[in-house]
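Report on one structure; see the data block that follows.
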Ligand code: XCC
Ligand code: SF4
């Protein structure tokens, strides 16, 4: 059992610390306890040298046994494991995208037309038309549904294509497309890439570590420029393109007198309907009649980010707070869909009245109540779930309730369209002002800080230190996923707080345009919005002709999911250097490790960099951005002035 100090070594924010303390009193086990129990983690797994792809094994590579039974060496085994992780990450994001495309298809075919609910529909026609045009679909004088159906079918083709290359690749700068072509990593259909990954890594197929790694990059591209990109595009069409929205973050958003419902996971389809359901008058009345002052709907993880971006639904917390939220004793129901949902939730919930409801047939947990929300009458189904949560309000044990006070204001909702609009105004929406600010060195560069939280690190610490170090040095920070929630909890997603920290050039730009120096772009699949923004910056001109020439980096600060590996790989193969706050499981092969952390630069003009210390990472990021600026020839005279001012600030 740990004391206060040890709790404070695990979590950064006060609300989490308070709930971790309460977990001791209530005798509830959390991931933080289980991390202690797992402390001596397997050295073979950590190095990536354990192979169990066939049943002659498992084989583990040691100095005494440098080869598996089949003769596979450390290079082969480590690279195979890495490719499998990349494929799994790709499949998670892409399947999410597929589900949304199937929804779009159902809507276009009028599947919900005879239902009494409004249910799903095309919320953002502008987004539909814009994207249909990007894919070369005829839009003039055509019915919206016909266009949507064509787009849905085309996107389904992105999954099933056997011989054709992904059409979405054409959204990247031409130069980058050329690099993919030259390296032989232009992906074909997404499903084919993932299947091929599994095939290539099964016993006795691909043994060349470099060949395996190239397929990892290829598979990741089918995520970044395929499945994830499609997920973001279709979410915008079905649920609306996000625009700046105010909300708040951390467990303090829960209320003593309301029915508290949390939504958790990744796919926005069901949470969108739930968000609509809680605001309907009959549900509000139902809550009142149960003696509650109302309903508080809030989110965990990326489902949270999705409904935050579009409806301002508050963030209860990020991934490592999912159990802590239940420990407040004030949650009537947690409704989960897919990804990052801990099975440990069930045990935590048993100590309180909280009901865990799973909603996706492919994601069940024993102990959770499973309710399927189908195509017909989804709103009625959502209302029934919420009524059940309201019915559970009376079971709340007041003696077990403790809601932390902590909550911070935030601004989110920065889709690429929203950023363009903020920068250039309604009639001249464009990235020009941003490009100019970068060229004039008021903005030194751009960093995308993304990814999870991880029990190996003190939650949010790396994210927040690095973010601060970078905005201090005039680097504009774009965030998604649990990293964005980490910043939100630190109160950094408000223009005011962050502006106090920002360097003079960045502050000037942000004040002029009215944006915070840390922009919340959405969920994990929305990392493709960062690529989209980068591609727009290239198109706008003045900063080279490729993503690889931009003064920009990506950071997976506290990552833990296989999805982050896939994201990292599609950033690197798109030409963007990626910094990791946690190492890959590749140290067992010098060749694999050195290629990923260096050699890849020859092929993609970018590679991975691992820094345990965020200050060191910041230093190296500045060097890399500076070099990119040098190469672009935009470092000339203004440079001295910037460093003078920075030095002054440091003094
Ligand atoms: Fe999951 Fe997306 Fe990671 Fe958070 S950040 S822990 S993947 S919820 Ni993408
Ligand atoms: Fe061992 Fe080779 Fe089988 Fe892997 S594939 S478990 S290294 S025999």
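Report relative contact order for the stretch 196-324 in percent, whole number only (criteria: Cα-Cα under 8 Å, sequence separation at least 6).
27
Ranked highest first by average number of other Cβ atoms within 10 Å, how do 234-242, 349-357 line up?
On the way: 234-242: 25.4, 349-357: 19.8.
Highest to lowest by the protection proxy: 234-242, 349-357.
Taking 7 Å along the Cα-to-C-beta vector as the label spot, tell me the residue 195-residue 183 distance in nanometres, rounded to one decimal.
In this crude label model, residue 195 to residue 183 measures out at 2.5 nm.
Full extension from residue 458 to residue 285: what is 0.36 nm times the residue separation minus their Cα-Cα distance, to one decimal in nm?
Contour length minus Cα-Cα distance gives 58.0 nm.
Would you mind checking the stretch 234-254 for residues with the amide N under 17 Å from a putative spin-label position 7 Å along Cα→C-beta of residue 144?
Label zone hits: 234-242.
I need the shape label for the stretch 1-122. Rule: rounded when a/c is under 1.5, else prolate if a/b > b/c, else oblate, with a, b, c from the alpha carbon gyration tensor.
Note, shape of the stretch 1-122 comes out oblate.
I need the per residue convex hull volume for the stretch 251-400, using only the alpha carbons, in cubic angstrom as a whole number.
It is 93 Å³ per residue.
What percent do you get for the relative contact order of the stretch 91-204 when only Cα pairs under 8 Å and 6+ apart count?
Relative contact order for the stretch 91-204 comes out at 24 percent.
I'd like the distance between the alpha-carbon centres of the stretch 489-567 and the stretch 151-175, rounded to an integer number of Å.
26
Using mean Cβ contacts within 10 Å as the protection proxy, how do 23-34, 484-495, 501-512, 91-102 order, highest first?
Ranked by mean Cβ neighbours within 10 Å, highest first: 484-495, 91-102, 501-512, 23-34.
Rg/Rh for the stretch 478-524 to two decimals, with Rh computed the Kirkwood way over all alpha-carbon pairs.
Ratio of gyration radius to Kirkwood radius for the stretch 478-524: 0.99.
How much mean residue ellipticity at 222 nm does the chain get from its helices, if each DSSP H run of length 4 or more adds -39500 (n - 2.57) and you divide by all residues, to the nearest 500 deg cm²/dmol?
Counting only the DSSP helices, I get -15000 deg cm²/dmol.
Ranking 531, 171 by Cβ neighbours within 10 Å, fewest first, what do you get?
With the fewest neighbours first, 531, 171 line up as 171, 531.
Give, in nm to one decimal, the length gained when the segment between residue 630 and residue 210 is fully stretched (0.36 nm per residue of separation minus the Cα-Cα distance).
Length difference between fully extended and current span is 148.1 nm.
Take the alpha carbon atoms of the stretch 462-484, find their center, do the same for the stretch 273-352, and report the distance between the two centers in whole angstrom.
27
By its C-alpha gyration tensor, with a ≥ b ≥ c as the square roots of the eigenvalues, how is the stretch 218-296 shaped: rounded for a/c under 1.5, else prolate for a/b larger than b/c, else oblate?
Prolate, since a/c reaches 1.5 and a/b exceeds b/c.
Could you give the radius of gyration (one decimal) and Dmax (whole number) of the Cα atoms in the stretch 548-632, in Å?
That works out to 12.2, 37 Å for Rg and Dmax.
Specify whether the C-alpha gyration tensor of the chain places it in the rounded, prolate or oblate class, a ≥ b ≥ c being the square roots of the eigenvalues: rounded for a/c under 1.5, otherwise prolate if a/b is larger than b/c and oblate if not.
Here the chain falls in the rounded category.
Pairs of alpha-carbon atoms within less than 8 angstrom and 6+ residues apart define the contacts here; what relative contact order does the stretch 287-402 have, in percent?
Dividing the mean separation by the residue count of the stretch 287-402 yields 24 percent.
Can you order the peptides 136-146, 561-571 by their average number of other Cβ atoms within 10 Å per residue, highest first?
Details: 136-146: 12.2, 561-571: 27.9.
Packing proxy ranking, top to bottom: 561-571, 136-146.
Please give the contour-minus-distance gain from residue 125 to residue 594: 0.36 nm per residue of separation, less the Cα-Cα distance, rounded to one decimal in nm. Before the final figure, lay out the partial values.
On the way: separation 469, 0.36 × 469 = 168.84 nm, distance 4.71 nm.
Answer, rounded to one decimal: 164.1 nm.
What is the order of 478, 521, fewest Cβ neighbours within 10 Å to most?
The most exposed by this proxy come first: 478, 521.
With each pseudo-label sitting 7 Å past Cα toward Cβ, what's the residue 432-residue 508 distance in nm, one decimal?
About 2.0 nm separates the two model spin labels.
Bear in mind these aren't lab numbers, they're just calculated from the coordinates by the rules spelled out. All figures in this text were calculated on a predicted structure; none of them were measured in a lab. A quick note on method: Cβ atoms are made from the backbone with ideal geometry, for glycine too, and the neighbour counts reach across all protein chains shown.
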